[in-house]
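Read-outs: derived from the displayed coordinates by stated rules, not from any lab. Everything numeric in this text was worked out from a predicted model, so none of it was measured. Here the Cβ positions follow ideal geometry from the backbone for every residue, glycine too, while neighbour counts run over all protein chains shown.
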Amino acid sequence: MAGSVQQQMETAKLQLVQELEIEMLSDLYNRMTAACHKKCIPPRYKDAELGKGEAVCLDRCVAKYLDVHERIGKKLTQLSMQDEDFMKKMQAEQSKS
Amino acid sequence: MFASHVFHGSMVAEQLACSLPNKGDPVSIPEPSHSGFSHLRIMPDNVVGQQSFSGISHFPHPSILVLLHINLAPPSSDLKTSLLRAVQVPSISSLTSIQEAAMSEDDGGRRTMFFSHEELDRLAEHMVGSLHRYRENIVIPRVAGPVHVKTREEKMVEAAFESCTFKSAMSCVIGYGLGAVIGLFSASVGPTVPLPNEKTQTAREVSASLLSRVLREMKGTMLSYGKNFALIGAVFSAVECTIESYRGKSDWKNGTYAGAVTGGVIGLRAGIKAGVIGAAGFAAFSTLIDYIMHR
């Protein structure tokens, strides 16, 4: 009985993780599209096709956006882990004293 | 259950035949803001299944970082909540329903934790760091028509056709052709072949030699004009493409700068002053043509 509850929790976790991932990726996509469109494509359109400069700008924008996303995310996770270790140390000291 | 609400028609709904434990009313996930997903198959392989369910009693915290981290800290961890509040990230309203799903049923005041802190840290790192995925797993929201993901070969071919070298080569070839046509007209307007000596040849031979000389002159003019125009076209196109790639903008200034460089290169053959005048003139000409073509 405990095994099947365990299994249910695992599949539920998997499901939750997948949902979160979808939300995160779609939000990332939307924000990135909006930001890069605003930066790279001037509002007055002369042509339906992307010019060379605009295409180059979009490539650079996407690369920078993903790089920034990754770096800041890793930094924040690292800070959070440090904070976590700190909390654990405090709790251990508290329980000792 | 609510999996089918979100993943209608997707592969995940077929794979997951589970229901969340201890839910009272089924939570209805609100529809994502875009009209539908083409297909999705996401395998978080390093997060789930490595830590067993620990059963620690923690109260899940209501604030959720969208892109970076999920916080299910106990209410006493003020440091963590203050860190999260310092980051101004708006939370998606639909995520609160997922968070409700994460909380299992209240059993006499004790709530069971769904994800431990280490799991969450690893999950956050996974979501942020692992952007290396197979191409089939990309989820692209379908906005105005079917989603067409280009294959690698298609992209390479397109990149080749839009590259600076190809554009320059095309301009060179077309310039050569245009130069040949203009040379032909220019030669046919005013032939500069001198009349031959009438004493040594008959009338027919005279006209034949004249014709051959005129044709030779035309050919020479066509070639020389063609070479000039090919050079102009190649240089202008290459310089304009390079400047545009460097600046990252597509506006009228690219043509002006490229025209200046081209005019300078051509005029420099006849001295510096001629080079400067040529640069200014060609830049003005290029700007005018751009204005007329892209009005």
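Brief remarks follow.
- Cα extents of the stretch B:151-277 along the three principal axes, largest first (Å): 71, 45, 18
- The angle between the Cα long axis of helix A:2-40 and the main principal axis of chain A comes to about 30°, on a 0 to 90 degree scale.
- Sequence of B:HIS148, A:HIS69 once ranked by neighbouring C-beta atoms within 10 Å, starting from the fewest: B:HIS148, A:HIS69
- Stretch gain in nm, segment B:ARG247-B:SER209, where the contour uses 0.36 nm per residue and the Cα spacing is subtracted: 8.0 nm
- Prolate/oblate/rounded call for the stretch A:2-96, Cα gyration tensor, a/c under 1.5 rounded: oblate
- Taking θ as phi - 60° and the Karplus parameters 6.51, -1.76 and 1.60, the scalar couplings of the stretch A:47-54 work out to 8, 7, 8, 6, x, 4, x, 5 Hz in sequence order, x denoting glycine and proline.
- Projecting label points 7 angstrom from Cα along Cα→Cβ for B:LEU184 and A:VAL62 puts them 4.5 nm apart.
- With the highest mean first, a sort of the peptides B:228-240, B:270-282 on other beta-carbon atoms found within 10 angstrom per residue produces B:228-240, B:270-282.
- Estimated FRET transfer efficiency when R0 is 45 angstrom, pair B:MET156-B:LYS219 (beta carbons, to 0.05): 0.65
- Residue-averaged beta-carbon neighbours from other chains (10 angstrom radius) around A:81-90: 3
- Candidates A:GLY73, A:LEU20, A:GLY3 compared by Cα position along the dipole of the stretch A:2-96: farthest toward the positive end lies A:GLY73, with charges placed on Cβ.
- Theoretical gain in end-to-end length, B:THR192 to B:ALA284 [0.36 nm per residue, Cα-Cα removed]: 29.8 nm
- Charging the Cβ of each Asp and Glu at -1 and of each Lys and Arg at +1, and nothing else, the dipole of the stretch A:2-96 about its Cα centre rounds to 460 debye.
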